[in-house]
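FYI, it's all coordinate maths here, none of it is from the lab. Because the structure is predicted, anything quoted here is derived from the model rather than measured. Ideal geometry is used to build each Cβ from the backbone, glycine not excepted, and the neighbour counts take in all protein chains shown.
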């Protein structure tokens, strides 16, 4: 493989991405818009998140029910499990959409439990593992995760608005980075060498 061939592959990849810089820009702009909306109306953001969670459960339930009755490759026991999962998912999804505050509270409590358990695991791994690199960082991040979990579990109502604000800031930052990447990719769109150049 020649040096020209080795350098042509990354240049071709960048040029290919550069030709689609508008798509990257559009995604960045959508993320910035969503971030601004989440920061401007955190309450509406939470409602949308709860509704989308419920819709996802309903869609999953329908998929499981369809799979239970249409997949010929599964036996009766698996069909029954798929049907039960489908019905449970449908019921949970409809309940989630009809009772948004309960849905949000459950989501926040699950997040708090996850952060707490994840933090405990991180601390234990950092203390038990034989001198891993970055042990102090692992233990420190575990302690922060435990503290975040405790705060979320103790004050779920404050956490709801906080999560909407964090989501808004993240979307805004992610969108700005996407826009900057799109502008940079635009400069690569004509950099591809001719395919059969000598």
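Data for the structure
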item	result
Gain upon complete extension [residue 29, residue 109; 0.36 nm per residue less C-alpha separation]	25.6 nm
Solvent-free Debye scattering, log10 I(q)/I(0), computed from the Cα coordinates of the stretch 20-186 at q = 0.11, 0.12, 0.16, 0.18 Å⁻¹	-0.74, -0.84, -1.04, -1.04
Computed lengthening from residue 78 to residue 183, 0.36 nm per intervening residue step minus Cα-Cα distance	32.7 nm
Extension gain, residue 70 back to residue 99 (0.36 nm per residue minus Cα-Cα distance, nm)	7.3 nm
Modelled FRET efficiency - R0 30 Å, residue 151 with residue 36, Cβ distances, 0.05 increments	0.70
